[in-house]
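Here's the structure, in structure tokens; my notes come after.
The values are calculated or read from the model by the stated rules, or taken from the named source; none is laboratory data. These figures come from a predicted structure and were not determined experimentally. Note that each Cβ is placed from the backbone with ideal geometry, even for glycine, and that neighbours are counted across all protein chains shown.
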């Protein structure tokens with residue numbers, strides 16, 4: 001009774017895989033092409049920031065998936081066996097996402113990196129004592145080596161977990177599960193280091209003077225938000241299209257809703273607030289400068305949108321049991337959370353610290369009026385490029401995910417804990 | 001069935017001392033089916049005593065979902081309000097009660113921040129929300145479960161000892177409006193129990 005047959009049970013998505021791939025691919029390539037085209041072959045600062053925004057959003061979702069897969073193995077979880085396969089499919093995108101990073105790598109290597117990362121300009125770095133001290137870490141060579149290490153680790157981990165899981169579908173060898181469990185602690189430690197330093201290198205380093213020791217954890221909560229929202233949308237969608245109704249039950253959806261609530265709403269707010277409070281309390285200019293533009297001009301609105309829309313509203317919505325057990329409702333909340341996730345990445349990447357103005361201003365009001373009349377630039381340049389880049393990157397992830405889903409059963413069929421997952425019931 | 005107590009009962013024995021009737025089963029399937037039938041028969045005051053959690057048994061019994069989460073939500077909300085009030089009160093209060101008593105809070109200037117600084121209030125608000133929720137959750141759980149329970153009739157009968165080991169018992173209490181000694185026993189016989197035991201107050 002508690003088994004899955006990939007030839008029945010709608011576990012083969014068949015033409016849906018091709019359709020999803022086509023839609024994702026068209027949106028993805030179209031989005032990227034539009035981003036380049038609208039900028040006139042790319043190259044402006046706004047283009048590169050948009051491109052980074054799209055890349056980071058895509059990477060965050062896939063990294064969250066990789067974390068989820070390894071977490072299930074590290075805890076030897078039984079409930080999640082069926083939903084692990086779609087997560088493996090999302091994480092599998094890390095096998096090719098490094099391609100999207102190549103343009104940024106080339107940009108830095110050709111010496112034009114300063115358009116995106118100020119630290120690429122060595123004269124700028126030498127001019128400031130603090131920045132000069134950071135040059136041992138923030139230089140093109142070391143930065144590139146690190147980037148290659150992160151991308152390689154992610155690609156190898158994603159490949160290992162997906163290929164082992166697919167191989168188990170064919171041969172049913174329980175030792176594959178043991179092997180995946182053996183590697184899970186090592187993988188999750190590697191993941192912890194790489195995702196932390198990647199967030200430092202690719203987002204925190206946009207403002208080279210600023211630092212926050214909590215930034216890696218914050219980025220982790222961001223990627224969890226993106227992933228749990230995405231997998232809820234994906235699984236509810238698959239069920240609605242008649243696939244895997246026995247494999248993904250209401251109980252699994254309920255549990256994923258809880259994880260979205262825990263990681264994407266509560267833990268996100270907890271870490272985001274902790275980071276803010278320590279900086280706010282100490283009130284040291286080198287630390288507060290990062291939050292200054294985010295509390296000026298239109299960024300104030302975005303900051304409030306995050307507090308209310310990323311925390312307060314979903315907290316109340318997801319607190320009760322019934323919205324998490326109602327797939328349609330949960331999917332709406334997940335769509336909202338995915339939008340908030342993008343706003344959050346936007347909020348992390350786009351604002352610019354008006355260093356000169358901060359150094360000379362004598363009052364907060366002076367900064368506010370400067371921002372209001374446009375003499376102080378805080379990076380508020382909403383552009384169609386932001387949107388096309390994000391939609392393009394996420395479209396490519398959708399394409400890759402449906403490609404992966406179409407190539408195998410959408411739930412493991414020979415996992416030793418499959419029966420446990422299918423009998424999963426919450427009280 | 002040899003010690004089915006019905007045989008020794010006389011028709012005119014008083015039901016006053018009777019707390020309930022217990023039917024004993026030797027399998028989870030037996031108790032599950034019995035609970036379903038008992039609910040369908042319209043009994044309300046019945047309970048199952050089992051040595052380990054039997055999945056789905058509460059559904060078979062028709063146990064309603066608890067109101068505890070709703071109560072805990074309001075307890076947490078109370079904690080939040082108390083925390084905010086407490087901090088605003090102690091930090092920035094300055095009132096004259098009928099112009100006689102002046103009540104002043106601890107108006108410390110901490111690194112030039114305003115007396116009512118919302119970011120500084122969040123940790124305490126968070127902790128008190130958690131504290132009120134957690135304590136009320138445990139306390140209300142005990143209250144709603146009528147715990148602690150120092151005496152329970154089922155523990156009085158030596159015949160019921162195996163519910164902590166390998167037997168499953170369904171008890172219909174005599175205070176159930178549908179309960180009479182004869183009908184309840186007849187109904188229990190239809191459940192095919194190992195035996196039926198009567199429990200005294």
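Tabulated results
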quantity	calculated
Test result for residue A:42, at pLDDT below 95, over 19 Å from residue A:149 (Cβ atoms) and touching a helix residue (DSSP H, G or I) at 6+ places or on another chain (Cβ under 6 Å)	yes
Flag if residue A:420 is free of Cβ contacts under 8 Å to residues at least 24 places away in the same chain, more than 25 Å from the chain's Cα centre (by Cα) and in a helix (DSSP H, G or I)	no
Number of the condition not met by residue B:126 [criteria: (1) in a loop (DSSP other than H, G, I, E, B); (2) more than 30 Å from residue B:30 (Cα to Cα)]	(1)
Residue in the stretch A:156-170 that is without any contact (Cβ under 8 Å) to a residue 40 or more places away in the chain, surrounded by fewer than 14 Cβ atoms within 10 Å (Cβ to Cβ), more than 25 Å from the chain's Cα centre (by Cα) and under 30 Å from residue A:47 (Cβ atoms) present	no
Residue count for the stretch A:342-361, restricted to those that are in a loop (DSSP other than H, G, I, E, B) and touching a residue at least 24 places away in the same chain (Cβ under 8 Å)	5
Subset of the stretch B:39-64 [more than 14 Å from chain A (Cβ to nearest Cβ), in contact (Cβ under 8 Å) with a residue 40 or more places away in the chain and either within 18 Å of residue B:167 (Cα to Cα) or surrounded by fewer than 16 Cβ atoms within 10 Å (Cβ to Cβ) (or both)]	B:41, B:42, B:44, B:45, B:46, B:47, B:48, B:49, B:50, B:51
Exclusive hit being surrounded by 10 or more Cβ atoms within 10 Å (Cβ to Cβ) and within 14 Å of another protein chain (Cβ to nearest Cβ), set B:110, B:103, B:88, B:169	B:110
Residue B:78 being farther than 26 Å from residue B:138 by Cβ, away from chain A (no Cβ under 14 Å) and out of contact with any strand residue (DSSP E or B) (no Cβ under 9 Å at 6 or more places or on another chain)	no
Which numbered condition residue A:291 misses (of (1) touching a helix residue (DSSP H, G or I) at 6+ places or on another chain (Cβ under 9 Å); (2) assigned to a helix (DSSP H, G or I))	(2)
Unique match (being at pLDDT 95 or above, closer than 25 Å to residue A:115 by Cβ and more than 14 Å from chain B (Cβ to nearest Cβ)) among A:332, A:358, A:338, A:348	A:348
Test result for residue B:196, part of a helix (DSSP H, G or I), closer than 21 Å to residue B:61 by Cα and either assigned by TED's automatic domain parsing to the domain that holds residue B:29 or in contact with a helix residue (DSSP H, G or I) (Cβ under 7 Å, 6 or more places away or on another chain) (or both)	no
